[in-house]
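The values are calculated or read from the model by the stated rules, or taken from the named source; none is laboratory data. Computed from a predicted model, the values in this text were never measured in an experiment. Every residue, glycine among them, receives a Cβ derived from its backbone with ideal geometry; neighbour counts consider all protein chains shown.
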Amino acid sequence: MPLDGLFTYAVPQPMESTVSTGMRVLVPFGKSKTYIAIIARLHQQKPEGYVVKDILQQIDTSPILLPQQLDLWQWIADYYMSPIGEVYKAALPAGLKAEDGYRPRTETYIRLTANYRQEASLHVALNILKRAPKQLEAFIGYLSLSRWDTIEGDTCRESVMEITREELMNSTGATLPTLNQLVKRGFLETYEVEVGRLNHGGEPHPELIKTLNTAQQDAYNQILMSFMKKNVTLLHGVTSSGKTEIFIHLIQREIEQHRQVLYLLPEIALTVQMMQRLQRVFGHRLGIYHSKYSDAERVEIWQKQLSDNPYDIILGARSAVFLPFKNLGLVIVDEEHETSYKQQDPMPRYHARSAAIMLAQKGARVLLGTATPCMETYHNAKTGKYGLVELKERYQGIELPEIQVVDIQDLHHRKMMNGPFSPLLLSRVREALDRGEQAILFQNRRGWAPMIECKQCGWVPRCEHCDVSLTLHRSMNQLTCHYCGFTYRIPTECPACGCKDLQGRGYGTEKIEDQIRDIFPDARISRMDLDTTRTRNAYERIISDFSAGRTNLLIGTQMISKGLDFDKVSVVGILNADTMLNYPDFRAYEHAFMMMAQVSGRAGRKGKRGLVILQTKNPQLPVIQQVVRNDFQSLYLDMVAERQLFHYPPYYRLIYVFLKHKNDDVVNTASYELGARLRQWFGGRVLGPDKPAVAKVKTLCIRKMVLKLENGIDMPKVRQYLTLAQQQLLQDKRYSSLQIYYDVDPL
Ligand code: ADP
Ligand code: ZN
Ligand code: ZN
């Protein structure tokens with residue numbers, strides 16, 4: 001349960017010699033319920049104010065949590081002002097929390113029945129299905145996903161891909177009844193596969209580790225030197241400088257010294273590529289851990305890490321910091337600047353980089369790696385809190401891509417834009433494809449259009465539950481709220497004026513894909529965004545298709561900006577830099593720079609300089625020029641000057657205080673009352689309350705306050721005051737269902 005604080009239970013006599021901290025036990029709680037609890041501490045102090053009950057039953061015979069993990073939980077709970085029960089929820093795989101343990105889960109796969117696995121019989125099937133268009137569409141969808149449609153003759157059937165039913169439904173939009181019909185009519189059949197088989201990566205091959213060049217070897221030595229003095233070191237190396245190769249050498253060194261390594265990546269998509277790269281060298285020493293893995297798999301990895309034969313290396317996303325490590329030597333935080341390291345919703349709103357640094361305090365070192373450090377990290381490195389090692393050249397001296405800025409405002413005026421594409425962009429992409437190279441188009445918006453609008457009166461459909469306009473998704477033929485996930489039918493006419501002309505405004509990746517198909521009918525196009533990567537297989541498929549050249553034009557959101565390493569990409573198009581630049585946040589320029597520098601880094605890897613076409617209405621902005629010159633120093637100086645002046649990190653700490661309630665008046669008065677209380681203690685450090693940009697989400701109205709706290713302020717005291725003010729406010733009956741929560745070090 002998401003409870004705040006710990007409770008005391010009595011250890012019955014027979015258990016006295018068998019229980020210890022980190023073990024799970026069953027305890028009574030409330031009137032008649034029993035829950036799983038974890039022993040945090042064994043002590044002799046009788047608590048005041050309640051009757052101590054007995055532990056009912058001991059679940060584990062050895063701890064499932066190591067002492068340093070409990071310490072980390074407590075640190076996260078305190079620092080991020082989140083009940084420790086929420087940390088527990090986030091940290092433990094469900095199988096370790098469930099009262100009845102975990103069962104292996106199976107996934108439903110789908111394939112052709114034996115009758116239709118020949119080319120001739122397939123044609124028969126397609127003919128029969130002509131009269132059932134939906135079934136035909138789903139059937140063709142299956143053939144193309146599984147690559148049956150690319151197989152010639154009746155040989156080489158092994159290359160058919162296994163497809164889960166869920167994946168088929170997600171990518172074709174087919175419904176379950178449609179698929180069931182196809183199964184009933186004998187065209188397709190389903191089969192179950194148990195998920196939860198750990199991957200067995202084969203023998204390690206340390207001889208495959210690449211020899212470092214001089215610059216890399218230098219950096220490697222400097223890192224080791226830095227580790228002697230500092231717990232945390234930043235490796236700031238331009239894209240493609242070979243940071244990963246250096247990491248591999250450092251990992252091998254830890255293994256030789258019998259220590260474990262945690263390798264964190266910000267995005268699950270990235271673990272796929274990195275897994276292949278690490279597995280070649282480290283084989284079965286490598287374990288993978290992230291939230292797209294089934295719970296059964298996660299429990300298995302957890303247990304293995306507690307065993308005498310744990311993985312030496314864990315590669316994972318954010319949640320991997322919660323795994324048990326008996327002998328951690330090194331944590332690598334790759335792409336350390338990425339905001340997805342911070343959990344936004346639900347609680348605990350923790351930053352995995354900070355959590356990793358805390359975890360490592362008991363004797364491990366932390367290496368942060370990136371081409372574009374976040375301002376706080378770089379500041380820490382520049383001021384000597386962290387070590388700093390730089391790598392300024394790409395491997396083999398390949399130049400960073402050339403960036404050409406295109407003023408789309410001007411082209412619009414001259415009516416020279418083709419939708420969202422400038423003539424320059426289209427001609428460069430065409431040339432690249434003609435030469436057999438690949439291109440990437442980056443648009444940081446998914447869906448068809450960010451909104452639809454009545455051409456006559458300007459009416460825009462909005463979510464009933466949130467204060468935002470709805471995004472049009474054409475493939476699913478619906479409007480979707482990106483805040484609560486609610487979907488709506490597309491209206492046929494405007495409810496305000498009756499006009500039938502409703503049009504999409506702006507461009508999402510779906511529409512980009514559609515238009516680019518018209519312009520380049522021969523291109524093999526794929527799209528990577530949240531909608532096309534709902535399953536683990538889908539990620540792998542899109543990335544491996546593009547890596548292998550089965551597709552040659554990739555359209556995507558920020559997902560594609562993150563460290564993916566493709567060989568044949570010669571052109572990258574940034575379709576619209578302005579949505580990032582105009583974002584109302586003090587980090588907008590920092591984030592825009594990083595995003596653009598990172599996507600640009602995908603251009604021109606093996607042997608050839610790449611080209612980036614950067615489309616914007618604001619070519620004169622300094623940040624655009626900084627991107628063009630890849631001038632991180634100048635961005636840093638601009639940003640820190642501004643932050644110092646306006647009291648932002650790294651000079652000040654921020655805490656956002658959020659209040660939520662279904663009634664706008666209630667949340668309004670409550671927020672003013674809380675604001676007044678906080679001002680008594682914090683004075684001018686409190687800003688607000690204000691309505692945030694999206695002031696209602698999932699039917700709850702929101703107010704936000706900002707606390708700007710100077711470095712060196714007594715943080716435990718601050719948290720104590722905040723908690724006290726919250727408790728006092730919540731005593732008021734009017735506020736019984738008011739929610740208050742905090743975002744510490746918000747991004
Ligand atoms: P980064 O992590 O800095 O973006 P990578 O480690 O991915 O850079 O290196 C970019 C490319 O150059 C990769 O394909 C990598 O295998 C290759 N590479 C880097 N260093 C070496 C090396 N010392 N020997 C051989 N190949 C290397
Ligand atoms: Zn209208
Ligand atoms: Zn909504």
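Tabulated data for the structure shown
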| read-out | value |
| --- | --- |
| Yes/no for TYR395 being in contact (Cβ under 8 Å) with a residue 60 or more places away in the chain and more than 30 Å from ILE246 (Cβ to Cβ) | no |
| Residue selected from the range 215-242 under the condition outside any helix (DSSP H, G or I) and of a type in the set (Ser, Thr, Tyr), by the criterion nearest to the chain's Cα centre (by Cα) | THR239 |
| Pairs, first more than 24 Å from GLN361 (Cα to Cα) and among the acidic types (Asp, Glu) in the range 230-247, second modelled with pLDDT of 95 or more and outside any loop (DSSP other than H, G, I, E, B), C-beta under 8 Å, six or more apart | GLU245/GLN216 |
| Subset tally (residues that are of a type in the set (Val, Ile, Thr) and farther than 23 Å from HIS379 by Cα) for the range 611-627 | 3 |
| In the range 398-415, residue surrounded by the fewest Cβ atoms within 10 Å (Cβ to Cβ) [restricted to those that are aliphatic (A, V, I, L, M) and in contact with a helix residue (DSSP H, G or I) (Cβ under 7 Å, 6 or more places away or on another chain)] | VAL405 |
| Boolean, ARG643 is closer than 27 Å to GLY485 by Cβ and buried (at least 20 other Cβ atoms within 10 Å of the Cβ) | no |
| Subset of the range 480-495 [within 16 Å of ligand 2 (Cβ to nearest atom) and surrounded by 12 or more Cβ atoms within 10 Å (Cβ to Cβ)] | ILE490, PRO491, GLU493, CYS494 |
| Flag if VAL195 is of a type in the set (A, V, I, L, M), modelled with pLDDT of 95 or more and away from ligand 1 (no atom under 16 Å from the Cβ) | no |
| Unmet criterion (only one of (1) in contact with a Leu (Cβ under 6 Å, 6 or more places away or on another chain); (2) over 21 Å from PRO324 (Cβ atoms); (3) of a type outside the set (Lys, Arg)) for GLY85 | (2) |
| Of all residues in the range 512-536 being surrounded by fewer than 23 Cβ atoms within 10 Å (Cβ to Cβ) and basic (Lys, Arg), the one that is farthest from MET559 (Cα to Cα) | ARG517 |
| Residue in the range 360-369 that is more than 16 Å from the chain's Cα centre (by Cα), assigned to a helix (DSSP H, G or I) and buried (at least 19 other Cβ atoms within 10 Å of the Cβ) present | yes |
| Selection count, the range 464-505, where residues are in contact (Cβ under 8 Å) with a residue 24 or more places away in the chain and in contact with a Leu (Cβ under 8 Å, 6 or more places away or on another chain) | 10 |
| Among (1) closer than 23 Å to ALA94 by Cα; (2) over 24 Å from the mean Cα position of the chain (by Cα), the one test that VAL281 misses | (1) |
| Contacts under 7 angstrom Cβ, first residue in the range 559-586 being acidic (Asp, Glu), partner in a strand (DSSP E or B), 6 or more apart | ASP578/THR616 |
